[in-house]
1. Under a GNM of the chain (C-alpha, springs under 10 Å), which listed residue has the highest mean-square fluctuation: THR294, THR251, THR260?
2. Using a cut-off of 11 Å between beta-carbons, work out the net charge of the residues near ILE116 (Lys and Arg +1, Asp and Glu -1, ILE116 not included).
3. Using each residue's phi in segment 220-231, evaluate 6.51 cos²θ - 1.76 cosθ + 1.60 at θ = phi - 60° and report the 3J(HN,Hα) Karplus result to the nearest Hz, with x for Gly and Pro.
4. Under the rule of -39500 (n - 2.57) per DSSP H run of 4 or more residues, summed and divided by the residues of the chain, what mean residue ellipticity at 222 nm is obtained, to the nearest 500 deg cm²/dmol?
5. Within the accessible area of the chain, what % is carbon and sulfur when the probe is 1.4 Å and the other protein chains stay in place?
6. State the extension gain, in nm to one decimal, for the chain segment bounded by ALA194 and ARG68, taking 0.36 nm per residue of separation less the distance between their alpha-carbons.
7. What does the charge count near ALA20 come to, summing +1 for each Lys or Arg and -1 for each Asp or Glu among other residues with Cβ under 15 Å from its Cβ?
8. Determine the principal axes of the Cα atoms in the chain, then give the extent along each, sorted from largest to smallest and rounded to whole angstroms.
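The values are calculated or read from the model by the stated rules, or taken from the named source; none is laboratory data. Computed from a prediction, not measured in an experiment: that's the story for all the values here. So basically every Cβ, Gly included, is an ideal-geometry build from the backbone, and we count neighbours across all protein chains shown. We work out accessible area using only protein heavy atoms, side chains counted, and drop any ligands, DNA or RNA first. Shrake-Rupley method; radii C 1.70, N 1.55, O 1.52, S 1.80 Å.
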Amino acid sequence: MTGFNQPLGGNDMPRFGGPATMMRLPFASSAKGLDVGFIGIPMDHGTSNRPGTRLGPRQIRDESRMLRPYNMATGAAPFEHLQVADLGDVAINTFDLKKTVDIITAHYREALSHGIIPLTLGGDHTLTWPILRAIKERHGPVALIHIDAHADINDTMFGETVAHGCPFRRAWEDGCLINDKVFQIGLRGTGYAADDFDWARDKGWTVVQAEECWHKSLTGLMAQVRAKIGDAPVYISYDIDSLDPAFAPGTGTVEPGGLTTWQALEIIRGCQGLAIVGGDLVEVSPPYDPTGNTALIGANILYEMLCVLPGVPQSPSRFSGLTF
């Protein structure tokens, strides 16, 4: 549509050519005039196991070259309604994690001053805390839909308060979250004690462990999430390790028994109608998936987030109507 940025089409330039931006969109040096900005945070110094997420934003962008502008399932055509561009990467401090979180907050504070909705390509999960600090300055405390294998509510890791296992404890301490509108979906694996997830429950958060999701559609769950969140501003944080490693092996802390890709789509599509003010896709570690599929799935999840943002209408898909 005239006036809105469009992804570079595969018939105009081969998919393996063209700009290395998210969906081969135009790059913008400023958020001014945009509705949505894709922002990369190439960091992995908050990881506790396997590194490599500093390479995530670059590969997510590369694998996004196969994405097309129209959503065949939901009928969403985001580039007909929103001005979207790739805003490049945050210039993090490679050697100082604590300085990096302040750099991230400052970067997002400036971007948000233009009224955009940021969609972030991670990067390890530490980054969500400093983003939420900037989001709070703009929108106040927010509802949170956090999809992850891990709760990320540790008080410390190796005695440090800043790490990828701590962002939601820090965000809670900073008053960034509306406690009765926080949902953690997909938590699983081994722990240190039976009450490892109970800190969140004690704060009024809703914890949906992965086992509750097995063999089920999650459309019903998302209807409950929407009803409880209502018209509150909401942030979506999607850790790729929420998916079973059969789908997404390219991450640092894999756990068996995870969500499926179709459940991931149900979760994000189930956010349609909410007042989404930002989102991120984190923990893609390209060295552990040479196929690129983990990053490709991450790119698709970010596109699905774009499709459910306010101002993007949906239209029913023309499915067969058969029952089978």
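1. THR260
2. Numbers: positive: LYS32, ARG138; negative: ASP35, GLU110.
Once all neighbours under 11 Å are counted, the net charge is 0.
3. Taking θ as phi minus 60°, the curve returns x, 4, 5, 5, 5, 4, 4, 5, 6, 6, x, 9 Hz for segment 220-231.
4. Values: 8 runs with 83 residues, N = 324.
Dividing the helical sum by the residues of the chain leaves -7500 deg cm²/dmol.
5. Numbers: 7490 of 13700 Å².
Of all accessible area on the chain, carbon and sulfur atoms account for 55 percent.
6. Details: separation 126, 0.36 × 126 = 45.36 nm, distance 4.47 nm.
Value of the extension gain: 40.9 nm.
7. Details: positive: ARG15, ARG24, ARG58, ARG61, ARG65; negative: ASP62, GLU63, ASP86, ASP89.
Result for the local shell: +1.
8. 54, 52, 40
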